[in-house]
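See structure below.
We did not get these values from a lab; they are worked out from the coordinates using the rules stated. The structure presented is a predicted model; accordingly, all values stated were derived computationally and were not measured. We place every Cβ from the backbone using ideal geometry, glycine too, and count neighbours over all the protein chains shown.
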Amino acid sequence: MQTVVSCLNMLAETWFYLGDEEPPPMMAAMLERNLAALESAQQIGRAHVMAPGITSFALMWDVIKELPVFTDRMRLAMTNALLSAARQGHEHRAMHSLIREGCRQIHDENHGTNSALQDFIVWQYFDRYYDLPESRYWMEMTDVVFRGQAGGFQIPEDSGGYMASCPGHSLVFAMARPYMEYFTRGVAAEHADYFVLAGLSNLGMLTGFGDTTGLVPTGYFPVLARVLWHTGDGRYRRVMENALHQNSGLRGYQSWIPVRTDVPAVEPVDMAGIRVQPTYPRPVEKGAGRLDPVFLPKEPFDDGRFNKVCLREGWGADRRYLLLSGMKRDGHTQYDVNCIVNFTDSGKIWLADHEYGLRRASDHSGIVAMQDGDRRSPAAQAYVRQKADFPGAGLLRTDGAMGDLQWSRNIVWLKGRWYAVLDDLRASQPGEYFLRAS
């Protein structure tokens with residue numbers, strides 16, 4: 001079935017986008033030759049999962065099913081085969097059992113939001129046209145998952161690449177369902193700001209923190225475009241047109257993205273200088289659920305803990321950009337707490353942290369410590385203690401910990417010239433300590 005729907009989908013998109021008259025008879029011939037396979041596909045057991053390609057084809061099947069080239073038998077066979085696939089679900093996650101336990105708000109990372117979105121797209125078709133009792137479960141499950149994404153302001157993934165996944169899935173769901181709380185509460189805009197501040201260097205490339213191997217931020221354009229659509233904030237248009245790498249996010253067969261051209265582009269000058277991205281509480285942690293939904297206000301932790309701090313001189317590849325990481329939390333994170341994870345200047349990357357498998361503290365630009373022969377890894381959270389941002393200079397002090405060592409990192413920034421990093425480490429307990437800059 002996977003091969004059939006993949007071929008049908010390509011033909012359907014060619015007909016739909018280009019108006020080519022050749023694909024419809026070809027689609028009918030393909031269905032005729034594969035009727036027996038489609039009718040047998042209805043007997044697949046529940047141990048399987050929904051095959052790749054089902055979701056995108058479900059959208060196109062809604063467009064093409066009434067074409068006169070199809071017989072009623074073809075339509076019935078294809079619809080029942082899609083229903084059989086939809087009943088498998090995209091990926092089996094904790095959310096499927098949590099909703100049966102009565103949870104009405106669930107938090108998950110990219111696998112969960114992707115699975116929920118794929119299920120939603122297919123089941124939206126059956127919920128729209130057929131009176132099936134099981135539709136209620138699947139539609140409710142997707143509502144519960146994306147209610148979790150709208151419940152707090154902390155971005156779900158600690159990775160420059162992966163962090164585009166959950167917002168991307170949430171925005172598509174928000175516009176299709178519709179479920180506008182993700183927009184109206186300001187969660188989408190907060191995440192888009194974080195993309196620009198912490199995810200994007202002055203070269204228009206990924207900053208590389210967490211499990212990130214690539215350089216091009218392929219998921220950023222669709223997110224920024226959809227947030228621009230809702231907010232009318234010209235800063236996002238300026239970033240999309242002038243700051244993003246030219247290959248970011250657009251493909252040959254591109255999903256529909258609203259791109260507003262009526263909003264004037266505005267340079268995001270408020271995103272330059274020293275910008276602290278805080279960490280936020282969330283109503284429920286990954287893989288768990290709540291019986292009663294909670295929607296937290298935009299109030300970060302007030303003890304100085306931070307997600308990232310960016311020191312951006314201005315916009316343009318010739319301007320300096322430095323990024324400091326402050327936490328080890330959430331999916332695809334690494335031991336980069338209190339470490340510098342990106343530095344660009346004069347059109348070049350001078351510090352690259354784009355590795356998936358190199359996660360230890362010694363693989364990042366920080367301090368490696370041993371106490372009495374045992375390695376001491378950084379604690380999971382660092383804190384901003386002092387910050388001063390002037391037109392010509394900036395000062396930043398952050399505190400972290402490594403076992404009995406207190407680690408203060410001091411960054412002096414003479415804008416237009418250099419950054420200086422001074423590390424101060426103090427032991428609270430006697431012992432033999434080994435320290436090395438990494």
Of M271, G208, G232, farthest towards positive along the dipole that unit charges on Lys, Arg, Asp, Glu beta carbons give the chain: M271
Nearest 10 degrees, 0 to 90: helix 23-33 Cα axis against the chain principal axis: 70
Distance between modelled label sites at D374 and H92, nm, 7 Å Cα→Cβ extension: 4.0
Alpha carbon centroid spacing (whole Å) that separates segment 162-235 from segment 322-336: 18
Segments 224-236, 276-288, 259-271, 321-333 sorted - mean Cβ within 10 Å per residue, highest first: 321-333, 224-236, 276-288, 259-271
Label corresponding to mean projected area of the Cα convex hull in nm² when calculated from the structure given, among (1) 24.0; (2) 49.2; (3) 38.5: (1)
For the chain, with +1 on Lys and Arg beta carbons and -1 on Asp and Glu, the positive-most of S248, V196, N9 along the dipole: V196
Environment charge at D303 (Cβ cut-off 12 Å; Lys +1, Arg +1, Asp -1, Glu -1): 0
Those aspartates and glutamates that a straight Cα-Cα span of less than 17 Å connects to K286, excepting residues fewer than 8 apart in one chain: E91, E101, D108, E109, D143, E157, D158, D330
Which of L396, L414 has the fewest Cβ neighbours within 10 Å, and the rest in rising order: L414, L396
Charge context of R235, other residues only, Cβ under 12 angstrom, K/R +1, D/E -1: -3
Mean Cα-pair separation over length for segment 89-437, i.e. relative contact order, pairs under 8 Å, 6 or more apart, %: 15
Charge dipole (the chain, unit charges on Cβ, about Cα centre) - positive-most of Y130, G400, F306: G400
Burial order of peptide ranges 113-126, 91-104, 397-410 (average beta-carbon count within 10 Å, highest first): 113-126, 397-410, 91-104
Cross-link partners of K348 among lysines (Cα-Cα below 29 Å; sequence separation of 8 or more within a chain): K308, K328, K387, K415
Charge dipole magnitude, Cβ of K and R +1, D and E -1 - segment 89-437, Cα centre, debye nearest 20: 640
Acute angle (nearest 10 degrees) that the helix 165-176 long axis makes with the longest principal axis of the chain, alpha-carbon atoms: 40
Helix-only [θ]222 nm of the chain, DSSP H runs n ≥ 4, -39500 (n - 2.57) each, per residue, nearest 500: -10500 deg cm²/dmol
Helix axis angle, 133-150 relative to the chain longest principal axis, alpha carbon, degrees: 20
